[in-house]
Amino acid sequence: MIFGVLAYLVWGLFPAFFPLLLPAGPVEILAHRIIWTAVIMTVVLSVRRGWGELRRADKATWLRVFFASIAIALNWLIYVIAVNSGHVTEAALGYFINPLLSVVLGIVIFKEKLRRLQVLAVLIALVAVLFLSFLGGQPPLLALGLAASFGIYGAIKKKVELSAVGSLTAETLMLLPPALLYITWLEGSGAGTFLSEGPAHSLALISSGLVTAVPLLLFGLAAKAIPLSTVGMLQYLTPTMQMLWAVFIVREHLEVARWIGFIIIWVAVAIYLADLIGQRGSAVRKRATATR
């Protein structure tokens, strides 16, 4: 639970980070995130002496890693496009939709069960998301793309029989060859920004690897340790922070109707978390009684 909360808090700060990478374009930023995350994870896995688990992984595991890498790369790309084009609120909406998808995937794929209050919370959140999604009269494509890509990524991660460090290393190494080819071509054509915008810009692009790796590692640990439905509901921390950033820092306009939708979602989250806390307290009391 703690790992999940920390991951979502870091992701909530992303709207403050990615504009710092301009004037790099979305695909260039994506490629640098892949390259420098791969560098960091290679070092981490080497220090942990964890290469053995990748060598022992079977074909089914590598196939899941491949699909996970595609899903997370799409998610990274869509998110950078949304944030750096002034659509932070739509990015936040995507991460409001995603937890519902995680809950559905948890029930359908992993046969997870929800208690009554949790079902109520999910239904309330579903109403709010439908209200927000169709408020503008057209499907929010960026938001739906973010929700689908990260929801699928979380479900695949649940089935990958590797440690969080090993899995993330494998994912980024799979994406590394096309990322390196793209950056090589971009810099060779003179269109790249890594060498032309000064050392501060270069360091910012390099730091995108650390900013990417830390929350994904935390998320990987959380996804394996707690139900996917709980992982999904905790995720509401991220879009709440992103929406507040959009409204109060970058001054994106948010209509009253959207505020209403977001407040309904926060009520749903409060109900879900209250049920989790109550259930955990009940379990603790039962254990205490049993040991007397």
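Worth pointing out:
- Checking residue 195 against (1) among the hydrophobic types (A, V, I, L, M, F, W, C); (2) surrounded by fewer than 22 Cβ atoms within 10 Å (Cβ to Cβ); (3) in contact (Cβ under 8 Å) with a residue 24 or more places away in the chain, the condition it does not meet: (3)
- Hey, residue 89 under 22 Å from residue 182 (Cα atoms), buried (at least 22 other Cβ atoms within 10 Å of the Cβ) and polar (S, T, N, Q) or not: no
- Residue under evaluation residue 257, criteria (1) among the aliphatic types (A, V, I, L, M); (2) over 18 Å from the mean Cα position of the chain (by Cα); (3) within 22 Å of residue 15 (Cα to Cα), criterion not met: (3)
- For residue 219: the one exception among (1) touching a residue at least 24 places away in the same chain (Cβ under 8 Å); (2) in a helix (DSSP H, G or I); (3) open to solvent by 20 Å² or more (accessible area, probe 1.4 Å): (3)
- Within region 258-266, not a single residue is touching an Asp or Glu at 6+ places or on another chain (Cβ under 9 Å), farther than 19 Å from residue 114 by Cα and either open to solvent by 10 Å² or more (accessible area, probe 1.4 Å) or among the small types (Gly, Ala, Ser) (or both).
- Condition met for residue 229 (farther than 27 Å from residue 109 by Cα, out of contact with any strand residue (DSSP E or B) (no Cβ under 6 Å at 6 or more places or on another chain) and either modelled with pLDDT of 90 or more or crowded, with 18+ Cβ neighbours inside 10 Å (or both)): no
- Any pair with Cβ under 9 angstrom, 6 or more apart, that starts in region 248-275 at a residue that is closer than 26 Å to residue 1 by Cα and of a type in the set (Ser, Thr, Tyr) and ends at one that is assigned to a helix (DSSP H, G or I) and open to solvent by 60 Å² or more (accessible area, probe 1.4 Å): 272/117; 272/120
- Some residue of region 67-77 being open to solvent by 50 Å² or more (accessible area, probe 1.4 Å) and more than 18 Å from residue 175 (Cβ to Cβ): no
- Residues of region 34-66 satisfying the condition of being of a type in the set (Ser, Thr, Tyr) and surrounded by 15 or more Cβ atoms within 10 Å (Cβ to Cβ): 37, 42, 61
- Scanning region 61-78 for residues that are among the hydroxyl-bearing types (Ser, Thr, Tyr) and in contact with a Leu (Cβ under 6 Å, 6 or more places away or on another chain) returns a single hit, 69.
- Every residue from region 154-179 that is closer than 19 Å to residue 95 by Cα and modelled with pLDDT of 90 or more: 156
- Selection over region 78-115 of residues that are without any contact (Cβ under 8 Å) to a residue 24 or more places away in the chain and over 18 Å from residue 231 (Cα atoms) gives a count of 1.
The values are calculated or read from the model by the stated rules, or taken from the named source; none is laboratory data. Not measured: the values here are computed from a predicted model. Using ideal geometry, Cβ is built from the backbone for each residue, glycine included, and neighbour counts are taken over all protein chains shown. To get the accessible areas, we keep the full protein, side chains included, count just its heavy atoms, and leave off ligands, DNA and RNA. Shrake-Rupley method; radii C 1.70, N 1.55, O 1.52, S 1.80 Å.
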